[in-house]
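Below you'll find the structure, written out as structure tokens, and then a few comments.
Each value in this text was obtained by applying a stated rule to the coordinates, not by laboratory testing. Computed from a predicted structure; not experimentally measured. Reconstructed Cβ throughout: ideal geometry from the backbone, glycine too, with neighbour counts over all protein chains shown.
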Amino acid sequence: MLKQRILTAAWLLPLALAGLFGLSGGAFAAFTAAIVLLGAWEWANLAGLERGGKRLAPVVGLGALMALWYLADWQVAHWPLWLGAVGWLVNLTWVVGYPARLEQWRSTTMRLAMGLWVLMPAWIGFNVLRDAGVAWLLFVLLLVWGADIGAYFVGRSLGRHKLAPRVSPGKTWEGVAGGLAVTALLALAFAAWQSLSMGGTLALLVATAVVTLASVVGDLLESMLKRHRGIKDSSQLLPGHGGVLDRIDSLTAAAPLFALVHSAGLWS
């Protein structure tokens with residue numbers, strides 16, 4: 001298993017970095033769309049569509065919406081980011097209320113709708129951040145990775161209080177605190193790099209904390225859906241790593257929310 005994980009990472013990481021930071025414009029939009037549409041194929045399974053045309057239909061539908069959005073005046077069409085923000089508030093209530101609120105989202109139709117307000121804003125968030133500059137796209141990626149690393153090491157060493165035991169038994173409140181500490185340091189480093197004012201630095205710190213917490217909800221949401229479906233990984237597309245959603249679940253919440261806040265110009 002370890003060898004398989006290393007071999008997959010050996011080709012996946014350079015490909016991802018080249019696509020995310022080496023492409024721009026339509027090429028970047030197409031690259032990120034391919035990633036998100038693979039996630040949509042996995043999401044269809046999480047929604048209960050296991051095979052055939054029924055599973056492919058949501059992928060085609062999402063792809064059509066992406067094309068329409070890109071062909072429109074996408075640089076000002078940020079309203080789907082607001083849809084995503086509202087959607088993640090709903091997702092939060094479902095994660096916190098699992099399994100008591102299961103009946104609110106267990107139907108295939110509702111889980112497909114959930115996928116729409118998770119995946120479409122995530123893709124738009126990637127594009128908005130890339131258009132704003134490579135630095136802020138890098139920041140979001142480092143934020144998610146930093147939150148995961150901080151949560152892992154602090155949770156393993158100090159974790160005592162379970163965060164959401166019915167959804168993901170391994171996560172703890174201490175781990176969340178560790179993730180917040182790492183991302184706060186990251187925000188301070190970026191504020192210095194971008195020469196932000198004191199007010200801009202404070203705004204970035206607050207936004208970073210909120211987005212870090214949102215990334216945790218993104219991870220928990222996928223865990224909840226997989227638990228309901230009785231599966232360990234979203235797919236086996238990435239040998240040793242599970243599926244695409246297993247790699248981007250936190251980003252699906254972090255990217256659109258940070259893009260929305262960044263577009264408000266709070267630290268510019």
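In table form, for the structure just shown:
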{"item": "Long-range lysine pairs (8 or more apart or interchain), the chain, Cα under 28 Å", "result": "10"}
{"item": "Which of Asp246, Asp148, Asp219 has the fewest Cβ neighbours within 10 Å, and the rest in rising order", "result": "Asp148, Asp246, Asp219"}
{"item": "Residue-wise HN-Hα coupling along region 120-133, computed from phi with Karplus coefficients 6.51, -1.76, 1.60 (Hz; x: Gly, Pro)", "result": "4, x, 4, 5, 5, x, 4, 5, 5, 5, 5, 5, 6, x"}
{"item": "Surrounding net charge for Leu251, when Lys and Arg each add one and Asp and Glu each subtract one, Cβ distance under 15 Å", "result": "-4"}
{"item": "Cα-centre dipole for the chain with unit charges at Cβ (Lys and Arg positive, Asp and Glu negative), debye to 20", "result": "840"}
{"item": "Theoretical FRET efficiency, 1/(1+(r/R0)^6), r = Cβ-Cβ of Ala57 and Leu185, R0 35 Å, to 0.05", "result": "0.20"}
{"item": "Long-range HN-HN contacts of Gly242 with modeled amide H, under 5 Å", "result": "none"}
{"item": "HN-Hα J in Hz across region 152-169 - Karplus 6.51, -1.76, 1.60, θ = phi - 60°, x for Gly and Pro", "result": "5, 6, 5, x, 5, 8, 10, x, 10, 9, 5, 7, 8, x, 7, 9, 9, x"}
{"item": "Full-extension gain in nm, Leu202 to Val90, via 0.36 nm per residue minus C-alpha separation", "result": "37.6 nm"}
{"item": "Vicinal HN-Hα couplings computed from phi for region 45-54 (Karplus, 6.51 cos²θ - 1.76 cosθ + 1.60; Hz; Gly/Pro x)", "result": "5, 4, 7, x, 9, 8, 7, x, x, 4"}
{"item": "Cα centroid of region 83-126 to Cα centroid of region 2-40, whole Å", "result": "24"}
{"item": "Theoretical FRET efficiency, 1/(1+(r/R0)^6), r = Cβ-Cβ of Ala67 and Leu15, R0 30 Å, to 0.05", "result": "0.85"}
